[in-house]
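A quick write-up on the structure given underneath.
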């Protein structure tokens, strides 16, 4: 099993336990993300917790010390100590991502990105976000990016689906059609 798949299983288990115990899913997500960010933000800590040379008992002691300093929800604390005991703390970042995706799916939220040649005014971003929400039937968290290379138009990505309405792509398609017509 790939590390990402293993992290996904742990994320699903944490999500299922949180729902069964009627915990605040978003709060648990924030706690998990904060712990993962803490580990990722300290290179020595990250290296120690992911190194096979450090025994699991020592990793468990570090996790216990971190949890004593910043307590988290009991199911998350149990999961983190179990990951330390099983020497699986290297999965922490993927676990956090997987759990966030589960919460977003549960809350009918989808992420989208829009790339334009120039920065969009906030009212246009809001209108685009509302249009995507109507089209998908879900709440949309929209990130806007600027890339002058697309010349004009917009490229929108929702999940794995890309809607490319950029001038660059339209010019490329026109070029291909002209080349086919000549040949």
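The values are calculated or read from the model by the stated rules, or taken from the named source; none is laboratory data. Computed from a predicted structure; not experimentally measured. Here the Cβ positions follow ideal geometry from the backbone for every residue, glycine too, while neighbour counts run over all protein chains shown.
For this structure, a couple of remarks:
- The number of residues in region 151-176 being part of a helix (DSSP H, G or I) and closer than 30 Å to residue 108 by Cβ comes to 0.
- Any hit, region 129-140, residues being crowded, with 16+ Cβ neighbours inside 10 Å, in a strand (DSSP E or B), touching a residue at least 12 places away in the same chain (Cβ under 8 Å) and not assigned by TED's automatic domain parsing to the domain that holds residue 27: yes
- Residue count, region 7-61 (criterion: closer than 16 Å to residue 74 by Cα, more than 22 Å from the chain's Cα centre (by Cα) and loosely packed, with under 13 Cβ neighbours inside 10 Å): 3
For (1) assigned to a helix (DSSP H, G or I); (2) outside the structural domain of residue 32 (by TED's automatic domain parsing); (3) surrounded by 15 or more Cβ atoms within 10 Å (Cβ to Cβ); (4) touching a strand residue (DSSP E or B) at 6+ places or on another chain (Cβ under 8 Å), each residue gets a yes or a no:
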site: 68; (1), (2), (3), (4): yes, no, no, no
site: 72; (1), (2), (3), (4): no, no, yes, no
site: 76; (1), (2), (3), (4): yes, no, yes, no
site: 84; (1), (2), (3), (4): yes, no, yes, no
site: 90; (1), (2), (3), (4): yes, no, yes, no
site: 97; (1), (2), (3), (4): yes, no, yes, no
site: 113; (1), (2), (3), (4): no, yes, no, yes
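- Answer from 108, 27 - the residue that is touching a residue at least 12 places away in the same chain (Cβ under 8 Å) and touching a strand residue (DSSP E or B) at 6+ places or on another chain (Cβ under 8 Å): 108
- In the set (1) over 24 Å from residue 164 (Cα atoms); (2) in contact with a helix residue (DSSP H, G or I) (Cβ under 8 Å, 6 or more places away or on another chain), residue 117 fails one condition alone, (1).
- Scanning region 153-169 for residues that are in contact with a helix residue (DSSP H, G or I) (Cβ under 7 Å, 6 or more places away or on another chain) and either modelled with pLDDT of 90 or more or at positive phi (or both) yields 153, 158.
- Residues that are out of contact with any helix residue (DSSP H, G or I) (no Cβ under 9 Å at 6 or more places or on another chain) and either under 15 Å from residue 88 (Cα atoms) or touching a residue at least 24 places away in the same chain (Cβ under 8 Å) (or both) within region 35-50 comprise just one, 47.
- Pairs, first in contact (Cβ under 8 Å) with a residue 24 or more places away in the chain in region 167-178, second surrounded by 10 or more Cβ atoms within 10 Å (Cβ to Cβ) and in a helix (DSSP H, G or I), C-beta under 9 Å, six or more apart: 167/150
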